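As structure tokens, the structure follows; a few thoughts come after it.
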Amino acid sequence: MDADDRLRALWQGQSLPVLAPAQLLAQMRRYQWRLRLRRALELAITLAALIWFALVPLWRAYTPLEWLQLPFFGVFLPVVWSINLRRRHNWPLANENSRVYAGLRLAQLRNSLRELRLADSGALALLIYAVAVQTLTALRGRDAWFDAATTLVVAALLWALASRLYVKAVRARCHREYRNLRRLRR
């Protein structure tokens, strides 16, 4: 038995701190509450935007900026909603076994990581769309369209940067908790 085997045996022999079932259940319930709150906020923003775009033609014509935002709100958001609504978020109640709680929390964390990936790719898609529109309006557009496209690019860039920072911070926290729970579940 060499030093590597002894070190490995010592490392694997360490007991991991076991989370109490009440702590794990509290984490699960906080996650479910945050998920419901986030879905309600997303729904409110989406409905407000769709109502806005439906009612604007009643009293005036669309501005160039609104025409450029219409594909985002008319195509991208419904696609994201269809992806999110297809997923099931029903987490059954678990018994007092901490391994079951850990398994459920792992599933929640995997779901959170998927949603973070979707948010990151959505911000990137919006930025790509804005840059494409900016390029087209620079080549063929009038001043009003170019100004609207510039505003869209700046907003998309700020959104992509803020989204990237948020996703990076939350992803690191999720990965850390995921690794800890995987060790607990073994």
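Every read-out reported here was derived from the displayed coordinates using simple, explicitly stated rules and does not represent laboratory data. Since we're looking at a predicted model, the values are computed, not measured. With ideal geometry, Cβ positions are generated from the backbone for all residues, glycine too; neighbour counts draw on all protein chains shown.
The table below lists the values:
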{"item": "Spin-label model distance (nm) - residue 142 vs residue 157, 7 Å beyond Cα toward Cβ", "result": "2.6"}
{"item": "In Hz, Karplus ³J(HN,Hα) per residue of the range 139-151 (6.51, -1.76, 1.60; θ = phi - 60°; x = Gly, Pro)", "result": "7, 10, x, 8, 4, 5, 5, 5, 5, 5, 5, 5, 4"}
{"item": "³J(HN,Hα), Karplus 6.51/-1.76/1.60, whole Hz, each residue of the range 38-50, x for Gly, Pro", "result": "5, 5, 5, 5, 4, 5, 5, 5, 4, 5, 4, 5, 5"}
{"item": "Calculated from backbone phi, Karplus (6.51, -1.76, 1.60) coupling profile of the range 162-176 in Hz, x at Gly/Pro", "result": "5, 5, 4, 5, 5, 4, 4, 5, 5, 5, 4, 5, 5, 4, 4"}
{"item": "Debye equation applied to the C-alpha atoms of the range 21-61, log10 I(q)/I(0) at 0.24, 0.32 Å⁻¹", "result": "-0.76, -0.94"}
